[in-house]
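Values quoted throughout were computed directly from the atomic coordinates according to the rules given, and no laboratory measurement underlies them. As the structure is a computational prediction, the values presented were derived from the model and not from experiment.
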Amino acid sequence: MGNCCSPALSKEALAFDVDKDGVISKKELQAYIDKNAQLWAMLSVNCNIPEERCREIAVTVAYQMAKAKAIRKSIKSMTTSEREREPTVAEFQNLLNLLQQPKGNLEFFHRTVFTAFDANQNGYLEPDELDAFLNVYYEAGSIFAGDVRLPSKDQLKRNVLQEFDKDGDGQIDFAELQLLLAAGGNAVAARPEQVLQGQ
């Protein structure tokens with residue numbers, strides 16, 4: 001609790017610790033997410049997920065990212081006690097600092113996308129969860145809908161697993177999905193030989 005009065009903490013971080021107990025509860029974190037729509041709005045727009053669900057996902061991701069020791073630390077590698085404990089105000093400050101950086105903001109967005117489709121929260125997009133994620137490309141309103149470069153969904157799934165399932169386990173972990181998201185439209189476009197074959 002000594003951290004709550006550290007001069008390194010911003011007024012913003014301290015303000016969200018409403019009860020001044022030195023930790024940020026999910027309710028306090030929800031207030032932060034509600035005031036910062038940029039943390040969840042793109043998830044709603046890009047993945048056609050209801051806004052309320054996107055806010056819930058953003059709270060879940062922020063709750064875990066605040067406690068991660070390093071930006072690349074896999075949330076699935078956190079112990080149960082790490083996942084369940086509330087982040088300290090100092091950890092929340094670190095999250096605020098991270099979200100001010102473009103890479104940190106992108107990391108947050110990628111984690112919200114992953115969390116949205118990791119239905120059982122086991123740290124992997126299993127085949128049915130990957131299907132749900134790939135459906136986004138085919139929904140009405142998708143920037144890819146009707147694009148002739150978009151292969152059949154079965155072919156897209158094969159392409160994704162071939163190119164991004166680095167460990168060959170038939171599922172996509174966060175690091176693999178992050179590579180897919182970073183590749184953008186090029187990752188989902190049909191290969192030239194698939195276009196010629198009409199796949």
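Partners of LYS20 within straight-line reach, counting aspartates and glutamates whose Cα lies under 16 Å from its Cα and excluding those fewer than 8 residues away in the same chain: GLU12, GLU28, GLU86, GLU91.
Using θ = phi - 60° in the Karplus curve 6.51 cos²θ - 1.76 cosθ + 1.60, the 3J(HN,Hα) couplings for the stretch 101-116 round to 9, x, 5, x, 5, 5, 4, 4, 4, 4, 5, 5, 4, 4, 4, 4 Hz; x is entered for Gly and Pro. Pairs exceeding 22 Å between alpha-carbon atoms, taken from LYS26/LYS67; LYS11/LYS35; LYS67/LYS157: LYS67/LYS157.
Whole-percent P(r), the stretch 93-165, all Cα pairs, 5 Å bins from 0: 3, 14, 18, 20, 18, 14, 8, 4, 1, 0.
Applying Stokes-Einstein at 10 °C and 1.306 mPa s to the Kirkwood radius of the stretch 11-117, computed over alpha-carbon pairs, gives a translational diffusion coefficient of 115 µm² s⁻¹.
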